[in-house]
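Only one structure is covered here, and it is reproduced in the block below.
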Amino acid sequence: MIYGKIVRSPYPHAKVVSIDLSAAEKAPGVKATLAYMKAGDEVHYQGDPVAAVAADTEERARDAARLIRVRYEALPQVSSEAQGMQLIGPRWSTTQPNTRAGQRAETGDLDAGFKQAAHIVEQTYSTHIITHVCLETHGAVCEWDGDKLTAWVSTQGVHQCAQGYAQALGIPQTNVRVITQYMGGGFGSKFAPDSQGIICAKLAKAAGVPVKLMLDRKEEHLDTGNRPSAFAKIKAGVSSDGKLTAFDGTSWGTGGAGASSGFPLPYLYQFPNRKRVHTDVYINAGQQRAMRAPGHPQGCFLTEILMDELADRVKMDPVEFRIKNAPPLAPNAQWVKYFAEGAKRFGWDKRHATGDPTPGPIKTGMGVSAHLWGGAGRGSTAHVDIMSDGSVVVKCGTQDLGTGTRTLVAIVAAETFGLPVSGVKPEIGDTLYPFSGGSGGSTTAASVTPAIRVTSLNALDALFAKVAPTLGVTPDQLAAEGGRIFVKGNSSKGLSWKDACKLIGTEPISVDGKWEDGLSSSGTSGVQFAEVEVDIETGIVRIKRILAMQDCGLIVDKLTAESQAYGGVVAAINFALFEDRILDRVTGQMVNPNMEWYLLAGMSDIPKIDIVLNNMPERGVIGIGEPPTVSTASAIANAVRNATGATIRSLPLHPHKVLAAIEQERAGGTN
Amino acid sequence: MEHLTSPKLTPGVHCLSLRHKGMYVTSMPYPEESQFYDSYDATAYWCVETQRGFGPDGASVRPDCCTGERDCCKH
Amino acid sequence: MKAFAYVNPTSEKEAVAALKTDGIAMVIGGGQDLLSRMKDYIDSPDRVVNVKGLDATVTATSDGGVKIGSAVKIVDLAEHAAVMSLYPSVAAAAIEVGTPQIRNQGTVGGNINQRPRCWYFRNEEFVCYKKGGSRCFAVNGENQYHAIFGNDGPSHIVHPSSLAVPFVAYGAKFRVLGPNGEREIAAADYFTMPTLANVLKENVLDDEDILTHVILPAPGNVKHGHYEVRYKQSHDWPLAFTTVVLVMNGVNGTSGANGTSGSTIRSARVVLGAVAPVPWRSRPAEDALAGKALNEATAALAGEAAISEAKPMSGNAYKIQIAKTAVKRAVMRAAGIKTV
């Protein structure tokens, strides 16, 4: 195996003048080079791939990549949303406009809604760009056997990746095998081979040996996706009795070089009269990708900060105000219940009104926020073999992106067979196994577990058919539990699993099955509470506690479900306080493409997190990967507002913003 | 995820190489979604042939541009 | 990373000799700074000289101070009994460095001599003054973590060393060995403000010099306070931090010369970190403290005085408030007053 390295544009916007591979070809250890772009091509962001090299060691590949001489003609770049929206100034592309009108939606009568309002809040809110920061970077190992490709990819979709390889390389999809046994995080950014996966395969073909190409942290920040920014100028009205009356929002944001930036607005709460107009702004920076609940954290933040401002106008408690304006209680809409229950658990009654009155520089505050997600799956297929020695293998072409999918596969099959989890071998993460969807949209649990259940039941039926004659009953009279197959109502009449399986003979039980309706459903709700301490002399925010109230239908495995909620909350703490993709305003290049200045919480930055899962078995399985990360940042920002009395309407809650907001509040507030 | 968050692509109109996450995820629509917010597009698109957000011609990959008018479009 | 020769000297003299080369030679201690720069192609030395094998001990000096070998691990400094009792602010600064892994690997010499953490310096794309270029990108760029003192340029970095600040505050001397022998330099004079002529480095070390020891004088009748403000609590560079060393009137609570209690400040050293291209000694804060009773009001005055010289850049005025708070709270700590 040798190692690949990609040469990327240092410029955010340029034309490629020439690419000279000759010096790199002669460098020690180099086995293959390729030009990914050609003279005349336009690069649209720093990190745009231009050429590549493969060498016998990673270090030599890196050194050789620097010998590929690319000449560029630098073009003026767009480095910010504000710059992109200027009528005169730099263009992100030589052929495409800087902005595009996005969605427009209007409901009810806006004028009438504002007439009903006793109070109106008019402010601009925003969230920033963060990257996925998968601890395992994007990349692959590609090995060719003739015109057959095996690719070990860090991916959220093995079958989906196989299609990508086939179509990009012009080979039959049946010639591609993709394997992902374990992977270290995707968060929505790993559904395709991407340029690096295809470059890896091409280098392997050219070199005639397997190539490993994993991106480094800098490449990861620049070219593997991000969460788009979101801005909105909002005018919203509330009646004297605390009912939302009207919402008029003009929003914009950037998904980078030519990519969308939409998000839901207003979020969740019921504004009967509303209008929203969105504009996508394109800038010379890496393109967005789906990132853990795409659009929701942005829309949630923009709406939830507004909600606390409106609540203060009508002098209502934020929880009470939200209950008053939340969608009505339904199986998939539990907010009213969670607001009330959560407030009790959290000690919300100890919350003071906006602005901690206690003396000293440390101010404490509480905040609340709510979210929703879909999380319904379908379409997974699976295969089960039961051998005559009693061993069981369950195969499904899903993958475990760190959520515990492998565990769920084993748990569901084992429970169906009445076996311990160790009695079942779960095989996933390989295109040799039956088709399953990509792991995104929180759909995996709801797609895969019904398929495993159905397929396991099919296999069990086949086993019962083999065992029934021996026990002198019909198959429908049998049950499997506690490692035994026995007659229902007469548990002593039966066989151990092992003895039962001896009846299978030489030809194993080998059955297929697929997802069926009725075992899963859609729609989850969550509410989160945060308590913070703000040092008003330094602007430093410390989070003391988070409470997450969350449902996900039937909880298949408490440990992995809670783990998703913990992970979502931790990621959102980073979104609220630390992570920030910072582009140099002059050159458009990222100044913090690392983990030193791209800040991520450490152990001391993580507070006590309480997860309260509401088990709703009657609803079947629903995904939980995305929802818990949506509302944490809003709850934290509202807690900071409650602590300081100053409203920060943009993320992250950097000390400079906290201090500025406190300063502004002392000078008389924003209005 | 062919619901509010990502527009449906129309065969014959949109290029066959156009991809987004929703096409690779076996999800079910969330029928009540429209109760909580209006439609929006948060979707990231890419071209299955180039494996990036720019098509073979170097221009953006999105439903509004990946239609019959482009030379690289496949139908 | 460019291929390099590795030299493993067994004595200080050998180390100095190994630095003599036609190419570029660099010293490696814990390596956490140098190796990062090499991997990122910020520096590409031909020869790397390992100094981890040099003096790694903390020893008592005849005048009641301590001598710290530059190869002492940061963790060992932080946990050294004599350091903790005589120079608590050195121990406090040491324990705030990086992470346990970094403190276990990093050395005193490496902490003092590490290159700036400025994001323009650390990214290859930006050919700044410190990489032989002709501009400081922070001036018109992203300067939220850059200097608020000593901003005459040409470079606007903040000095990255956490240990340098208390060393200057305690009046340490740095022992340097070069081809022409040994010399001792006051810590305050070791670090250099940037000029066009010397902008490529942050201190007085010549190419063939090594820092061998830090020598701390006996502290005398002093009170000490150290306060650091970080954005993250785990593994982050400070936004501002301060060591104050206060020489008190009177001894052990006896009355001072002017008849006031023993808690009157005779003179003060106030040094700020992460705010200037060098460990920043604040004379206005020192003047504000001299002769005053040691209490919270005096601490606040010192904080105000410290920032009188501040000259922020376009995006870092917020650090003035943080620096003011750090000075105030360091003085409060020296007074034994609870801060937060």
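So, A:Gly47, is that one in contact with an Asp or Glu (Cβ under 8 Å, 6 or more places away or on another chain) and on the phi > 0 side of the Ramachandran plot or not?
Taking the combined requirement at face value, the residue satisfies it.
Specify the residue that is farthest from the chain's Cα centre (by Cα); the eligible residues are those in the range A:533-555 that are closer than 14 Å to A:Lys363 by Cα and assigned to a strand (DSSP E or B).
A:Asp535
Can C:Ala288 be described as among the hydrophobic types (A, V, I, L, M, F, W, C) and at positive phi?
no
Residue by residue, here is whether (1) under 18 Å from C:Ile112 (Cα atoms); (2) among the aliphatic types (A, V, I, L, M) holds:
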residue	(1), (2)
C:Ala3	no, yes
C:Leu19	no, yes
C:Asp22	no, no
C:Gly31	yes, no
C:Ile42	no, yes
C:Val49	yes, yes
C:Val58	yes, yes
C:Asp76	yes, no
C:Ser85	no, no
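This table checks each residue for (1) without any contact (Cβ under 8 Å) to a residue 60 or more places away in the chain; (2) outside the structural domain of A:Thr405 (by TED's automatic domain parsing); (3) closer than 16 Å to A:Asp400 by Cα.
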site: A:Val141; (1), (2), (3): no, yes, no
site: A:Gly146; (1), (2), (3): yes, yes, no
site: A:Trp152; (1), (2), (3): yes, yes, yes
site: A:Val158; (1), (2), (3): no, yes, yes
site: A:Ala162; (1), (2), (3): no, yes, no
site: A:Leu169; (1), (2), (3): yes, yes, no
site: A:Gln173; (1), (2), (3): yes, yes, no
site: A:Arg177; (1), (2), (3): no, yes, no
site: A:Thr180; (1), (2), (3): no, yes, yes
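List every residue pair whose Cβ atoms lie under 7 Å apart, where the two residues are 6 or more positions apart in sequence or sit on different chains, the first residue falls within the range C:222-236 and is more than 7 Å from every other protein chain (Cβ to nearest Cβ) and within 17 Å of C:Ala274 (Cβ to Cβ), and the second residue, located anywhere, is in a strand (DSSP E or B) and aromatic (Phe, Trp, Tyr).
Matching pairs, first to second residue: C:Tyr227/C:Phe241; C:Glu228/C:Phe241.
Scan (1) touching a residue at least 40 places away in the same chain (Cβ under 8 Å); (2) in contact with a Gly (Cβ under 9 Å, 6 or more places away or on another chain); (3) among the hydroxyl-bearing types (Ser, Thr, Tyr) for the single condition A:Ser496 breaks and write down its number.
With (1) touching a residue at least 40 places away in the same chain (Cβ under 8 Å); (2) in contact with a Gly (Cβ under 9 Å, 6 or more places away or on another chain); (3) among the hydroxyl-bearing types (Ser, Thr, Tyr) applied to A:Ser496, the lone miss is (1).
Given the criteria crowded, with 23+ Cβ neighbours inside 10 Å, outside any strand (DSSP E or B) and among the aliphatic types (A, V, I, L, M), does A:Ala285 qualify?
So A:Ala285 passes the test.
Please go through the range A:384-405 and pick out each residue that is outside any loop (DSSP other than H, G, I, E, B) and buried (at least 20 other Cβ atoms within 10 Å of the Cβ).
Those that are outside any loop (DSSP other than H, G, I, E, B) and buried (at least 20 other Cβ atoms within 10 Å of the Cβ): A:Val384, A:Ile386, A:Val392, A:Val394, A:Lys395, A:Gly397, A:Thr405.
In the range A:538-589, what residues are hydrophobic (A, V, I, L, M, F, W, C), within 14 Å of chain C (Cβ to nearest Cβ) and touching a Gly at 6+ places or on another chain (Cβ under 8 Å)?
Matches in the range A:538-589: A:Val586 only.
I want to confirm something. Restricting to the range C:56-115 and keeping residues that are acidic (Asp, Glu) and outside any helix (DSSP H, G or I), which single residue is nearest to A:Met595 (Cα to Cα)?
If we take residues in the range C:56-115 being acidic (Asp, Glu) and outside any helix (DSSP H, G or I), then C:Glu96 is nearest to A:Met595 (Cα to Cα).
Looking for whichever is more than 8 Å from chain A (Cβ to nearest Cβ), surrounded by fewer than 22 Cβ atoms within 10 Å (Cβ to Cβ) and not small (Gly, Ala, Ser) here; the options are B:His75, B:His20. Which one fits?
B:His75
Which one is farthest from the other protein chains (Cβ to nearest Cβ), of the residues in the range A:516-537 that are over 30 Å from C:Ala299 (Cα atoms) and hydrophobic (A, V, I, L, M, F, W, C)?
Among those that are over 30 Å from C:Ala299 (Cα atoms) and hydrophobic (A, V, I, L, M, F, W, C), it is A:Phe529.
Tell me, please, whether a residue that is within 15 Å of A:Tyr566 (Cα to Cα) and not aliphatic (A, V, I, L, M) can be found in the range A:648-658.
no
For the range B:42-66, give me each residue that is buried (at least 22 other Cβ atoms within 10 Å of the Cβ) and either small (Gly, Ala, Ser) or at pLDDT below 90 (or both).
Within the range B:42-66, B:Ala42, B:Ala44, B:Gly53, B:Gly55, B:Ser60 meet the criteria.
What tally of residues in the range A:383-442 results from selecting those that are aliphatic (A, V, I, L, M) and modelled with pLDDT under 95?
Selection size over the range A:383-442: 1.
So which residues in the range C:13-36 are surrounded by fewer than 19 Cβ atoms within 10 Å (Cβ to Cβ) and part of a helix (DSSP H, G or I), if there are any at all?
Residues satisfying the conditions are C:Lys13, C:Glu14, C:Ala17, C:Leu35, C:Ser36.
When you scan the range A:145-183, how many residues do you find that are closer than 15 Å to A:Ser439 by Cβ, in a strand (DSSP E or B) and among the small types (Gly, Ala, Ser)?
The qualifying residues number 0.
Can you list the strands (runs of 3 or more DSSP E) found entirely within the range A:436-532 that contain at least 1 residues being under 30 Å from B:Glu33 (Cα atoms)?
The qualifying strands (runs of 3 or more DSSP E) are A:509-514.
Of all residues in the range C:123-178 being under 24 Å from C:Ala92 (Cα atoms) and of a type in the set (Lys, Arg), which is nearest to the chain's Cα centre (by Cα)?
C:Lys173
Exactly one condition in (1) farther than 24 Å from A:Glu58 by Cα; (2) in a loop (DSSP other than H, G, I, E, B); (3) touching an Asp or Glu at 6+ places or on another chain (Cβ under 9 Å) is false for C:Lys2; which is it?
So C:Lys2 meets the others, but not (1).
Within the range A:257-279, work out how many residues are modelled with pLDDT of 95 or more, more than 8 Å from every other protein chain (Cβ to nearest Cβ) and touching a Pro at 6+ places or on another chain (Cβ under 9 Å).
1
Among the residues of the range C:176-222, count how many are in contact with a Gly (Cβ under 8 Å, 6 or more places away or on another chain), part of a strand (DSSP E or B) and surrounded by fewer than 21 Cβ atoms within 10 Å (Cβ to Cβ).
Of the residues in that region, 2 qualify.
Across the range A:604-641, which residue is surrounded by the most Cβ atoms within 10 Å (Cβ to Cβ) among those that are in contact with a Lys or Arg (Cβ under 6 Å, 6 or more places away or on another chain) and within 27 Å of A:Gly539 (Cβ to Cβ)?
Among residues in the range A:604-641 that are in contact with a Lys or Arg (Cβ under 6 Å, 6 or more places away or on another chain) and within 27 Å of A:Gly539 (Cβ to Cβ), the one surrounded by the most Cβ atoms within 10 Å (Cβ to Cβ) is A:Thr629.
Yes/no per residue for (1) more than 14 Å from chain C (Cβ to nearest Cβ); (2) β-branched (Val, Ile, Thr):
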position: A:Met1; (1), (2): yes, no
position: A:Gly4; (1), (2): yes, no
position: A:Tyr11; (1), (2): no, no
position: A:Ser18; (1), (2): yes, no
position: A:Ala24; (1), (2): yes, no
position: A:Val30; (1), (2): yes, yes
position: A:Ala35; (1), (2): yes, no
position: A:Ala39; (1), (2): yes, no
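Hey, among the residues in the range A:301-334 that are of a type outside the set (A, V, I, L, M), within 23 Å of the chain's Cα centre (by Cα) and more than 10 Å from chain B (Cβ to nearest Cβ), which one's surrounded by the most Cβ atoms within 10 Å (Cβ to Cβ)?
Out of the qualifying residues, it is A:Phe301.
Between residues in the range C:37-61 that are away from chain A (no Cβ under 14 Å) and residues that are outside any loop (DSSP other than H, G, I, E, B) and among the aromatic types (Phe, Trp, Tyr), which pairs lie under 9 Å by C-beta distance while being six or more apart or on different chains?
Correct list of pairs: C:Arg47/C:Tyr6; C:Val48/C:Tyr6; C:Val49/C:Tyr6; C:Asn50/C:Tyr6.
The values are calculated or read from the model by the stated rules, or taken from the named source; none is laboratory data. As the structure is a prediction and not an experimental result, all values here were calculated from the model. Neighbour counts are summed over all protein chains in view; Cβ atoms, including those assigned to glycine, are modelled from backbone coordinates with ideal geometry.
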